[in-house]
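Beneath this line is the structure, given in structure tokens, with notes to follow.
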Amino acid sequence: MPRTILPGFRLAMGCTLLYVGVIVLLPLAALVWQAADLGWARFVTVVTGDRALAAFRVTVFSALGATAINAVFGLALAWALVRYDFPGKRLLDALVDVPFALPTAVAGVALTALFAGNGWYGQFLEPLGIKVAYAPLGIVAAMTFTSLPFVVRSVQPVLEDLTADVEEAAETLGAGQARIFAGVIFPAIFPAFLAGCSLAFARSLGEFGAVIFIAGNQPFRTEIAALLVFIRLEEYDYPAAAAIASVMLGAAFLMLLAVNAIQLWSLRWTRSAA
């Protein structure tokens, strides 16, 4: 029997399940249990109220907008970092991880200062009728900032592992650069790209600190679901807060299941095509 540095399977699996159970499953179970105290009728009333539905809508559409932006620019940034050498490349590569290290509240304050009417960006945007601070665009900006690294760091290692043989073969067969990217490169990086986008979307759904400083927090307009949960907690309405949070939790689980299914299909399609 081969010897390993780590302990045996049973001990390792037991420690893993204990850790996951205490850190992840028990808090989620407590959340669902708290929401269940409302009863089904009260639960439906809370999560389908006008203010709750507006908060869900603002959160989801803002997260979709931020994910779409990061899907484009995150892929372009990963491509530039992998395929090109230029002055300041290492600095730019390090700056990608700044949203991971920077407290989200600090990011929110900085973005608010930049996009306010007298800020570096806002003083030029607002005369054009583009209001970012204390507006829905501010939510998108904050979510974009905090979730960008997920797309870049998911795609970057896959691009680095791609060999140039297939691209050179496609080029010798007369394929142009656009066709090589669409038919050779993108299918290879698609699972990682989809994973990065899904992580960015999930992070955007749960973002709180960066958003509340720049959003203005106006009910029915710039109030996100996480803020509404916080408000219900301040009102000591714990079951209502748990109900709203459980809806977001369920949406996150459904999204992850859908993404995993798409990734599995993509992997099988890639293997069959090969």
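The values are calculated or read from the model by the stated rules, or taken from the named source; none is laboratory data. Not measured: the values here are computed from a predicted model. A quick note on method: Cβ atoms are made from the backbone with ideal geometry, for glycine too, and the neighbour counts reach across all protein chains shown. Remember, those area values only see protein heavy atoms, side chains included, never the ligands or the DNA or RNA. Shrake-Rupley method; radii C 1.70, N 1.55, O 1.52, S 1.80 Å.
Things to note:
- Over all orientations, region 134-226 has a Cα convex hull whose mean projected area works out to 7.1 square nanometres.
- Length released on extending from Phe9 to Phe181, taking residue separation times 0.36 nm less the Cα-Cα span: 57.7 nm
- Each of Pro219, Ala71, Phe43 was scored by the projection of its Cα onto the charge dipole of the chain, and the greatest displacement toward the positive side belongs to Phe43; charges sit on the C-beta of Lys, Arg, Asp and Glu.
- Probe 1.4 Å, accessible area per residue of the chain, Å²: 59 Å²
- Virtual spin-label span in nm between Leu18 and Ala80, 7 Å along Cα→Cβ: 4.8 nm
- Estimated at 0.36 nm per residue, the fully extended path between Met255 and Asp237 surpasses their Cα-Cα distance by 3.7 nm.
- Here's the picture: charge each Lys and Arg Cβ at +1 and each Asp and Glu Cβ at -1 in the chain, and of Val155, Gly250, Ala29 the one pushed furthest to the positive end of that dipole is Ala29.
- Here is the size of the chain from its Cα atoms: Rg then Dmax, 22.3, 73 Å.
- Listed values for region 209-215 are Karplus-derived 3J(HN,Hα) couplings in whole Hz (6.51 cos²θ - 1.76 cosθ + 1.60, θ = phi - 60°), namely x, 6, 7, 5, 7, 9, 7, and x replaces Gly and Pro.
- Only DSSP H runs of four or more residues enter the estimate; each adds -39500 (n - 2.57), and after division by the residues of the chain the mean residue ellipticity at 222 nm equals -24000 deg cm²/dmol.
- Largest to smallest accessible area among Tyr19, Tyr134, Tyr236, Tyr84 [probe 1.4 Å]: Tyr236, Tyr19, Tyr84, Tyr134
- Filtered trypsin sites (Lys or Arg not before Pro), region 194-264: DSSP coil and at most 14 other beta carbons within 10 Å: Arg221
- Calculated on C-alpha atoms, the gyration radius of region 1-160 divided by its Kirkwood radius gives an Rg/Rh of 1.11.
- Karplus-derived 3J(HN,Hα) values for region 242-257, using 6.51 cos²θ - 1.76 cosθ + 1.60 with θ = phi - 60°, are 5, 5, 5, 5, 5, 5, 5, 5, x, 4, 5, 5, 4, 5, 5, 5 Hz; glycine and proline are entered as x.
- Label-point separation in nm, Leu31 to Val44, each point 7 Å along Cα→Cβ: 2.4 nm
- Net lengthening on full extension, Ala110/Arg51 (0.36 nm per residue, minus Cα-Cα): 18.4 nm
- Karplus-based coupling profile of region 68-76, in residue order and whole Hz: 4, 5, 5, 4, 7, 6, x, 5, 5, with θ = phi - 60° in 6.51 cos²θ - 1.76 cosθ + 1.60 and x standing for Gly or Pro.
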